[in-house]
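Before any comments, here is the structure.
Derivation of every value follows stated rules applied to the coordinates shown; laboratory data play no part. Everything quoted here is computed from the prediction, not taken from an experiment. Please note: Cβ atoms are built from the backbone with ideal geometry, for glycine as well, and neighbour counts cover all protein chains shown.
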Amino acid sequence: MKLIHSENAPAALGPYSQAYLSNGFLFASGQTGIDPKTGAVGGDVTSQAEQVMKNLGAVLEAAGIDFTHVVKTTCFLADMGDFAAFNEIYGKYFTGKPARSCVAVKTLPKNLLVEVELIAEV
């Protein structure tokens, strides 16, 4: 196993890592819409989803891969009413259409609107 960390993605909010590489797969913890440089968060799901994708991209890059290597995502939305807006952003990045689950959750850390975790082949 190899720890994967990017300074271009936010530090973990708890006792976990950004990602681990194991047996040819990257297992990435959920990324949120926190800007790693400023700590700022956008006010709507579109701006948060864009930042989530930038953060995931940074973790993927730290592992030497990109979005085309992703085989599975799990997406968490604070409000399923944001599903269509979230999909617009998601579709720009995950063009290979990996397997996906998308669920509504009661609350996300720091009352954020969206979080995405992924598994990718390296």
The answer for the net charge of residues other than Lys106 whose Cβ lies under 15 angstrom from its Cβ, with Lys and Arg +1 and Asp and Glu -1, is -2
Compactness check, the chain: C-alpha Rg relative to the 2.2 N^0.38 Å globular estimate gives 0.97
Taking a ≥ b ≥ c as the square roots of the eigenvalues of the Cα gyration tensor, with a/c under 1.5 meaning rounded and otherwise prolate when a/b exceeds b/c and oblate if not, the range 52-122 is prolate
Once both label points are put 7 Å beyond Cα along the C-beta direction, the Lys37-Lys106 separation in nm becomes 3.7 nm
